[in-house]
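What follows is a single structure, written as structure tokens, with notes after it.
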């Protein structure tokens, strides 16, 4: 005789956390950026950047760097900013030196090579993802000969893709190595605001006063809807950039919707306040992680990203509970804090992580 049917009790799926740590692109817009967009969108204005909003946005960026001579442009994404800046600075028969973990090399689908018309990315190995003058010199020595792609530009990320910071002295040393050899220095500043907040320096000190020639200044990771500001600190170096941006589909018809948030964020101070909050949140998460058995930091936490070493089964358990984060390599997982990360979200993630390590 068969036993009576016993229905299996319903087991609801674990609720998805309301905040995530997968990317600083996961967030909504911060109020200052949204207000600026709404104001710019409420009236008509000339298209393609020939409007007061864009002129004022560009001036706000130049003023932030105490660089009235700077040429400022706005594009949709960091990938576009990097590729078009590097294409402008590097002839197609030359090369660009960058770290082996540089976003321009690992995460932009060859955009730099494409938009430059053939410039080669050279990525010497580094100890911690940071280029050094010695690595740059070695890469230049390997590029000798009539058939070599002679280096024309060096690109560094600040912070780096593993969350580390170049000190001002390190940037100056790299800039000196570049300029002594006729190279230009580009800075990928997707999280530039986080670097300024962490080092407690001025934007000028981190860029042109240390020898940086051009900057990709990230906004979308800091509470804006989209877009990077491209800054050429020497106006002559910007020659041809506007034409390349148009060719690449980066000349927005309503450019004011890209540029207006920059003025709102910079004038209100939200750009720096947001970065400070994200950095402080990362420090809080790092402290919670280092208190757990079986979990440790892969690199020191210097900006708004936390890289944790933990067993794969722990990561799988967290994902089953609804948490989003990135897998890198060798058991390293990336957690990113943002302008709106809440203390209770950090507490919830840490609690689930603790239970996962104990289970």
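The single residue among 110, 118, 129 that is touching a residue at least 24 places away in the same chain (Cβ under 8 Å) and more than 19 Å from residue 158 (Cβ to Cβ) turns out to be 118. Might you let me know whether segment 74-82 holds any residue that is assigned to a helix (DSSP H, G or I) and within 13 Å of residue 214 (Cβ to Cβ)? Yes, there is a match, as at least one residue in segment 74-82 is assigned to a helix (DSSP H, G or I) and within 13 Å of residue 214 (Cβ to Cβ). Output yes when any residue across segment 70-91 is out of contact with any strand residue (DSSP E or B) (no Cβ under 8 Å at 6 or more places or on another chain), surrounded by fewer than 16 Cβ atoms within 10 Å (Cβ to Cβ) and assigned by the TED database to the domain that holds residue 208, and no when none is. Within segment 70-91 (the criterion being out of contact with any strand residue (DSSP E or B) (no Cβ under 8 Å at 6 or more places or on another chain), surrounded by fewer than 16 Cβ atoms within 10 Å (Cβ to Cβ) and assigned by the TED database to the domain that holds residue 208), the answer is no, since none of the residues qualifies.
Considering segment 31-68 alone, what residues qualify as being closer than 25 Å to residue 205 by Cβ and in a loop (DSSP other than H, G, I, E, B)?
Result: 65, 66, 67, 68.
For segment 119-144, filtered to residues that are closer than 11 Å to residue 101 by Cα and touching a strand residue (DSSP E or B) at 6+ places or on another chain (Cβ under 6 Å), the residue that is surrounded by the most Cβ atoms within 10 Å (Cβ to Cβ) is 131.
When you check residue 334 against the structure, is it out of contact with any strand residue (DSSP E or B) (no Cβ under 8 Å at 6 or more places or on another chain) and either over 30 Å from residue 41 (Cβ atoms) or assigned by the TED database to the domain that holds residue 194 (or both), yes or no? Criteria not met by residue 334. Scanning segment 226-244 for residues that are within 20 Å of the chain's Cα centre (by Cα) and at pLDDT 95 or above, which turns out farthest from residue 213 (Cα to Cα)? Of everything passing the filter in segment 226-244, 228 is farthest from residue 213 (Cα to Cα).
Within segment 266-280, residues that are assigned by the TED database to the domain that holds residue 340 reach partners that are at pLDDT below 95 and part of a loop (DSSP other than H, G, I, E, B) with beta carbons closer than 9 Å, at six or more positions or on different chains, in the pairs 278/24. When the test is whether a residue is under 22 Å from residue 249 (Cβ atoms) and in a helix (DSSP H, G or I), residue 86 passes it. Only one of the numbered conditions (1) under 14 Å from residue 342 (Cα atoms); (2) within 19 Å of the chain's Cα centre (by Cα) is not met by residue 271, and that is (1). Taking segment 145-263 as the region of interest, the helices (runs of 4 or more DSSP H) fully inside it that hold 1 or more residues being closer than 21 Å to residue 124 by Cα, free of Cβ contacts under 8 Å to residues at least 40 places away in the same chain and touching a strand residue (DSSP E or B) at 6+ places or on another chain (Cβ under 9 Å) are 168-180. Count of segment 194-225 residues, restricted to those that are on the phi > 0 side of the Ramachandran plot and surrounded by fewer than 24 Cβ atoms within 10 Å (Cβ to Cβ), is 2.
The values are calculated or read from the model by the stated rules, or taken from the named source; none is laboratory data. These numbers were taken from a predicted model, which means no experiment stands behind them. With ideal geometry, Cβ positions are generated from the backbone for all residues, glycine too; neighbour counts draw on all protein chains shown.
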